[in-house]
1. Since residue 230 meets every condition but one in (1) open to solvent by 30 Å² or more (accessible area, probe 1.4 Å); (2) modelled with pLDDT of 80 or more; (3) over 20 Å from the mean Cα position of the chain (by Cα), which condition does it not meet?
2. Restricting attention to segment 48-63, does a residue exist that is assigned to a helix (DSSP H, G or I), touching a residue at least 40 places away in the same chain (Cβ under 8 Å) and either buried (at least 23 other Cβ atoms within 10 Å of the Cβ) or among the aromatic types (Phe, Trp, Tyr) (or both)?
3. Out of 223, 156, 161, 188, which single residue is open to solvent by 20 Å² or more (accessible area, probe 1.4 Å), among the small types (Gly, Ala, Ser), assigned to a helix (DSSP H, G or I) and touching a residue at least 12 places away in the same chain (Cβ under 8 Å)?
4. What is the number of the single condition among (1) touching a residue at least 60 places away in the same chain (Cβ under 8 Å); (2) closer than 20 Å to residue 87 by Cα; (3) under 17 Å from the mean Cα position of the chain (by Cα); (4) open to solvent by 30 Å² or more (accessible area, probe 1.4 Å) that residue 196 does not meet?
5. Yes or no: segment 21-44 includes at least one residue that is part of a loop (DSSP other than H, G, I, E, B), in contact (Cβ under 8 Å) with a residue 24 or more places away in the chain and either open to solvent by 50 Å² or more (accessible area, probe 1.4 Å) or more than 27 Å from residue 248 (Cβ to Cβ) (or both).
6. For residues in segment 67-101 being touching a helix residue (DSSP H, G or I) at 6+ places or on another chain (Cβ under 9 Å) and either part of a loop (DSSP other than H, G, I, E, B) or without any contact (Cβ under 8 Å) to a residue 24 or more places away in the chain (or both), which is surrounded by the most Cβ atoms within 10 Å (Cβ to Cβ)?
7. When residues of segment 107-144 are filtered for being more than 21 Å from residue 266 (Cβ to Cβ) and either modelled with pLDDT under 80 or open to solvent by 80 Å² or more (accessible area, probe 1.4 Å) (or both), how many remain?
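The values are calculated or read from the model by the stated rules, or taken from the named source; none is laboratory data. None of these values were measured; they are calculated from a predicted model. Backbone-built Cβ (ideal geometry, glycine too); neighbour counts: all protein chains shown. Just so you know, the surface numbers come from the protein's heavy atoms only, side chains and all, with ligands and any DNA or RNA stripped out. Shrake-Rupley method; radii C 1.70, N 1.55, O 1.52, S 1.80 Å.
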Amino acid sequence: MQPQQQSLLYLHIAVLLFGGTALFAKLIGLNALDITVYRTAVAGIAIWFLLSMQKKPIKLNKPKDYLMAILLGVAVGIHWVTYFAGMQMAGITIGMLAFFSYPVITVFLEPLFNKSKPKAKDILSAAVVILGIYLLVPTASLGDDVTLGVITGVVSALFFSIRNITHKRYFSQYGGPQTMFYQTLVASLMLCAFIKVPVYEVSNHDLLLILIAGVIFTATPHSLFAASLKHLSAATAGLISCLQPLYGTLLAIIIIHERPSAMTLIGGTLIVSAACFETWSITKKARK
């Protein structure tokens, strides 16, 4: 197998596993915060072990980088809690689609850092995403779990966008696994004081699922994603990542028998199309 083909396989497996992460919101019998704490703790240990086995650096270069790592960990922790909470309330497909508004949110946040204005095409993409989100919401009432789940998913997208922009500007000198080690560590420590079910009360079934979520669906895809970039461009990685909602939806249909409605599929198509368009636009600009 050619290096490019192997990297492409790694990338698709990584995106498939990223999409599968959402299933644990329904499979694990804990609230979103507890899932996040235990999952990040397991993932952090797994990534530390991986870095140690590969003899890659764990320490950061400058003291101020540790402060940035803490800020990134806080953003990631909030992102993951709201990510799982949104899916517990609205379902896997709707929660994931609401979260996938993040590429368009990123396009509007980045000008705040670059002191520039959004372009007309970006405003059009945002309008498409808003329409898509509108189709996901069954009612405007905040008393509806699906509506709350959609809102929570968008909040998750916001913090994920903040994390990505901050990482790109201030932490991009570090590799993916090294970055994720600190982010999972900070997220777990930050949230552990608020857990509802202590680890000794978690059932063996849920503990097994947490281990699977932390090692196979968190540490493994991040490592595969980083490895794929050795022979693939960031543009290719970004576009293939747009398949995550598709993979997640298919897994939800197969494993937990979730059936998305026609409105959900139409709204999801609009959101993912806008996300793909923005990803394509950014990568096209980067090539010039």
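1. (2)
2. yes
3. Details: 156 fails: open to solvent by 20 Å² or more (accessible area, probe 1.4 Å); 161 fails: open to solvent by 20 Å² or more (accessible area, probe 1.4 Å); 188 fails: open to solvent by 20 Å² or more (accessible area, probe 1.4 Å).
From the options 223, 156, 161, 188, the qualifying one is 223.
4. All conditions are met except number (3).
5. yes
6. Initial filter on segment 67-101 (touching a helix residue (DSSP H, G or I) at 6+ places or on another chain (Cβ under 9 Å)): 68-101.
Retained after the next criterion (residues that are either part of a loop (DSSP other than H, G, I, E, B) or without any contact (Cβ under 8 Å) to a residue 24 or more places away in the chain (or both)): 91, 100-101.
On the way: 91: 24, 100: 25, 101: 27.
Only one residue fits best here, namely 101.
7. Of the residues in segment 107-144, 19 are more than 21 Å from residue 266 (Cβ to Cβ) and either modelled with pLDDT under 80 or open to solvent by 80 Å² or more (accessible area, probe 1.4 Å) (or both).
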